[in-house]
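Right, one structure below, let's go through it.
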Amino acid sequence: MKNLLKSDHQPKYKRIIFIIWLVCMFVHVSLNVFAQNPVISFTKKGEKVEELITKETKAQLLKYKNMLNYPKSVERFYKAKSYRLSWVTKLNHNRQLAPAMLILDCISQYGLNRQDFHPNELVYNQIEVLAEQPDMLSDGQRAIFDVLMTDAMITFMNHLHYGKFNILLTPAKVDEGEIDEFNAVLKLAQLMESKDFYNEISTVQPLSKAYADLQKYLHLVRGQYLEDSYAFPEKSVRTMTINMERLRWNTSKPGPSLTINIPAQIARLNVEDSVYIFITIVGKASSPTPNLESSITHFTTAPERKVPYTIFVNELLPKAIKDENYLENNHLTIYDARGNYVAVSAKKLQYIKAHPKNYFARQSTGCDDAMGKLVFRFNNPAPVLLHDTPQPKLFLSEKRVLSHGCIRVEKIEKLASLILSADGSKAQIPIMRKAIATDQKKDFVLRTPLPLSINYITCEMIDSQLVIYNDFYAQDRALEMTMYGSPRLLASDLRISLKALNSVPSLQRAFIW
């Protein structure tokens, strides 16, 4: 009987064993697949959660499109992932979620506004539910949170890299995804695999030292001073955030460059490991020097045209006596026989007319006054030049907002020599000096154009102190209204360190905190 049963049921036992083996293999394979891609799991009904996520993600993208800052960018991000969620699922608490929430918690330390990052939806109690009781949330709720978090991180990177109020690269233009310089969608996809999400996402910020110094100080102010109830004026904080926003608009790259800060009234030549500072004269409030980015291609010695003697006597002087604005309007300057600049008046013009052989005139082209012995050339949409001046005493003034828009540079011959040296053209320096000494008009073309940035930055860090410059063109107030929507003027910044102010003679025009 035993043998009979054994022979009758042996095939059946083998089938049962084979089925058990198949189930084990299926479970084994399923677990391996899940380990590699944890967003895929199975409900009791056997439906793939991934399919539900796909539907819910698409639904939430459509529903919240008008609520997103960068809807097209968010759409591209999820499309590349087949519309799977990135931050939250029932069975996966993404390791990037905690640092992302920490970033949102510290958003003011970057000079950004928390209101731009879905503050009512992206909150910590949602994280707790997702981590501890994921079944309490529906697929739709998780999809909403996921989509808004993606938008928040894309917004964070774009606002840090391009700025929120960039006129040339507006959020709408950036959202089209056609800018090659930086792509937040691709960057976020990379960051989702990063082991240091918090620090790596911050690398999208501008690389300039001016920006980095302000960001570090703002981090200290927002993260320590104000948290510890340390008295620090809100007006100074706003000035920092305003200028960090401006610095994000600058597209200049690391390397040799000439930067001019209009409120500081100084130029900085950055070459190799050295920074050379030159005092400048900038445009008056009625004729402000514009912001621009370009490259210096060459410079010209003795750029002005000497007016022929007969024209000087018979045409120029009579017209100048009749019209007090004639010389200025026609870019004319009068010199004595030794080549010294002459400050004219009605009485002086009469004297010059009586003794014309002791004087002569020069005419500059495309600028507001005499260009002196040298002018730098660069492409720009505005009639603005960078040049010398025959009135060096003006550089001694504390407030040097005097021109019609052009920029005059002190010790311009030294600046030109440094630029030639950095360009690998040291042999041209003696030739340049001879051309200046002999009043010879000559062009000196650079082998590599030198990047030029003319900016309006009203504060910077100098020797670990916050230096605030005069807002000559009242541009801070306009940007502050745009960024904060402030309906009234803030109280004056009373906590100004006068001791520190006096300790930096070259910066006595500024406020120092």
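The values are calculated or read from the model by the stated rules, or taken from the named source; none is laboratory data. The shown structure was predicted, so the numbers you read here are calculated from the model rather than taken from an experiment. Note that each Cβ is placed from the backbone with ideal geometry, even for glycine, and that neighbours are counted across all protein chains shown. Ligands, DNA and RNA are stripped out before the accessible areas are found, and what is left, the full protein with its side chains, is counted by its heavy atoms. Shrake-Rupley method; radii C 1.70, N 1.55, O 1.52, S 1.80 Å.
Can you tell me which residues in segment 149-181 are among the hydrophobic types (A, V, I, L, M, F, W, C) and within 17 Å of Met244 (Cβ to Cβ)? Within segment 149-181, Phe156, Met157, Leu160, Phe165, Ile167, Leu169 qualify. The number of residues in segment 193-205 being of a type outside the set (Asp, Glu), assigned to a loop (DSSP other than H, G, I, E, B) and either under 14 Å from Leu112 (Cβ atoms) or out of contact with any Lys or Arg (no Cβ under 9 Å at 6 or more places or on another chain) (or both) comes to 2.
Residues in segment 306-325 that are in contact with a strand residue (DSSP E or B) (Cβ under 9 Å, 6 or more places away or on another chain) and under 24 Å from Lys373 (Cβ atoms): Lys306, Val307, Tyr309, Ile311, Phe312, Leu316, Ala320. For segment 159-200, a residue qualifies if it is without any contact (Cβ under 8 Å) to a residue 40 or more places away in the chain and of a type in the set (Asp, Glu), and the qualifying residues are Glu178, Asp180, Glu193, Asp196, Glu200.
Restricted to segment 195-222, and to residues there that are more than 16 Å from the chain's Cα centre (by Cα) and exposed (fewer than 15 other Cβ atoms within 10 Å of the Cβ), the residue that is farthest from Val271 (Cα to Cα) is Lys195. Within segment 273-304, the set of residues being among the hydroxyl-bearing types (Ser, Thr, Tyr) and either free of Cβ contacts under 8 Å to residues at least 12 places away in the same chain or not in a strand (DSSP E or B) (or both) comprises Ser274, Ser286, Ser287, Thr289. When segment 453-476 is filtered for residues that are surrounded by fewer than 14 Cβ atoms within 10 Å (Cβ to Cβ) and not small (Gly, Ala, Ser), only Asp463 remains. Given the criteria in contact with a helix residue (DSSP H, G or I) (Cβ under 7 Å, 6 or more places away or on another chain), on the phi < 0 side of the Ramachandran plot and in a strand (DSSP E or B), does Leu466 qualify? So Leu466 fits the description; yes. If you filter segment 401-413 down to residues that are open to solvent by 10 Å² or more (accessible area, probe 1.4 Å) and touching a residue at least 60 places away in the same chain (Cβ under 8 Å), you find that the one that is farthest from the chain's Cα centre (by Cα) is Lys411.
If the condition is being of a type in the set (S, T, N, Q) and surrounded by fewer than 15 Cβ atoms within 10 Å (Cβ to Cβ), then segment 66-112 contributes Asn66, Ser82.
Could you pull out every one of the helices (runs of 4 or more DSSP H) wholly within segment 93-189 that has 2 or more residues that are over 28 Å from Val237 (Cα atoms)?
124-132, 139-161, 171-175
If the condition is being touching a residue at least 24 places away in the same chain (Cβ under 8 Å) and open to solvent by 10 Å² or more (accessible area, probe 1.4 Å), then segment 141-158 contributes only Ile144. Applying the condition of being of a type in the set (Val, Ile, Thr) and in a loop (DSSP other than H, G, I, E, B) to segment 248-272 and asking which residue is modelled with the lowest pLDDT yields Thr251. Going through segment 289-324 one residue at a time, which ones are under 18 Å from Pro383 (Cβ atoms) and acidic (Asp, Glu)? Listed by number, the residues that qualify are Glu293, Glu304.
A count restricted to segment 315-365 and to residues that are in a helix (DSSP H, G or I), hydrophobic (A, V, I, L, M, F, W, C) and open to solvent by 50 Å² or more (accessible area, probe 1.4 Å) stands at 3. Looking across segment 206-223, the residues that are closer than 20 Å to Thr251 by Cβ, among the hydrophobic types (A, V, I, L, M, F, W, C) and in a helix (DSSP H, G or I) come down to Ala210, Ala212, Leu214. Candidates are the residues of segment 227-247 that are open to solvent by less than 60 Å² (accessible area, probe 1.4 Å) and over 30 Å from Tyr276 (Cβ atoms); the one that is modelled with the lowest pLDDT is Ala231. Answer yes or no: is there a residue in segment 115-135 that is crowded, with 17+ Cβ neighbours inside 10 Å, at pLDDT below 90 and touching a strand residue (DSSP E or B) at 6+ places or on another chain (Cβ under 8 Å). Checking segment 115-135: at least one residue is crowded, with 17+ Cβ neighbours inside 10 Å, at pLDDT below 90 and touching a strand residue (DSSP E or B) at 6+ places or on another chain (Cβ under 8 Å).
If you go through segment 258-286 and keep only what is more than 20 Å from Leu446 (Cα to Cα), open to solvent by 20 Å² or more (accessible area, probe 1.4 Å) and of a type in the set (S, T, N, Q), you end up with just Ser286. Scanning segment 391-432 for residues that are in a helix (DSSP H, G or I), over 24 Å from Ser257 (Cβ atoms) and modelled with pLDDT of 90 or more gives Leu396, Pro430, Ile431.
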